[in-house]
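Colleague: Let me give you the structure first, and then I'll get to my questions.
The values are calculated or read from the model by the stated rules, or taken from the named source; none is laboratory data. All values reported here derive from a predicted model rather than from experimental measurement. All Cβ positions, glycine included, derive from the backbone under ideal geometry; neighbour counts span all protein chains shown.
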Amino acid sequence: MGEMKLPMIAINRTGITRNPERLNNLHNEVKYQETSQRRNYNLYTPVPIDINYDVTVLSKNPQDIDKIMSNFLQFFNPDLFVTCIHPKYTDCVFNNQVTLQDAITIEHQDEMDGSAEDIITATF
């Protein structure tokens with residue numbers, strides 16, 4: 001088993017859900033294409049899947065958690081996107097929005113026995 005050094009960031013996928021608001025006809029772009037060589041990219045089916053992650057920061061010092069949070073927390077605006085290639089058409093690129101929920105949970109044990117590690121966790 002490897003040795004873990006703090007501070008550390010752990011990323012866990014917590015769920016995948018299908019969003020019915022983003023479902024569309026799978027072949028709209030072919031049915032309503034302007035010519036055989038030119039498709040209307042505005043009719044492509046959006047990605048109807050939401051993937052949820054928990055990002056946990058572990059540290060012995062609260063100052064380390066504050067420094068790590070200050071490096072990415074203010075950058076999660078509604079205009080943060082990850083790009084990926086369309087699964088059917090390699091010349092089309094999707095921009096997928098990444099959002100951060102406002103709830104941040106910070107946990108620190110109040111009472112510990114002599115064998116427990118004193119670790120603070122912040123979960124986003």
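Colleague: Please give the number of the condition ASN52 fails out of (1) at pLDDT below 90; (2) of a type outside the set (A, V, I, L, M, F, W, C); (3) in contact with a Ser or Thr (Cβ under 6 Å, 6 or more places away or on another chain).
Modeller: Evaluating ASN52 over (1) at pLDDT below 90; (2) of a type outside the set (A, V, I, L, M, F, W, C); (3) in contact with a Ser or Thr (Cβ under 6 Å, 6 or more places away or on another chain) leaves (1) as the failure.
Colleague: For the stretch 5-42, which positions are exposed (fewer than 12 other Cβ atoms within 10 Å of the Cβ), among the aliphatic types (A, V, I, L, M) and either at pLDDT below 70 or farther than 30 Å from ILE68 by Cα (or both)?
Modeller: Within the stretch 5-42, LEU23, LEU26 meet the criteria.
Colleague: Which of (1) more than 30 Å from ARG38 (Cβ to Cβ); (2) of a type outside the set (D, E, K, R); (3) at pLDDT below 80 does MET69 not meet, given it meets every other one?
Modeller: Of everything listed in (1) more than 30 Å from ARG38 (Cβ to Cβ); (2) of a type outside the set (D, E, K, R); (3) at pLDDT below 80, MET69 misses just condition (3).
Colleague: Further, regarding this structure: When the residues of the stretch 58-87 are filtered to those that are acidic (Asp, Glu) and surrounded by 11 or more Cβ atoms within 10 Å (Cβ to Cβ), which remaining residue is nearest to LEU100 (Cα to Cα)?
Modeller: Once the filter is applied, the top-ranked residue is ASP66.
Colleague: If you don't mind, another one. Out of everything in the stretch 56-111 that is among the hydroxyl-bearing types (Ser, Thr, Tyr) and in a loop (DSSP other than H, G, I, E, B), what residue ends up being farthest from ALA10 (Cα to Cα)?
Modeller: The extreme case among them is TYR89.
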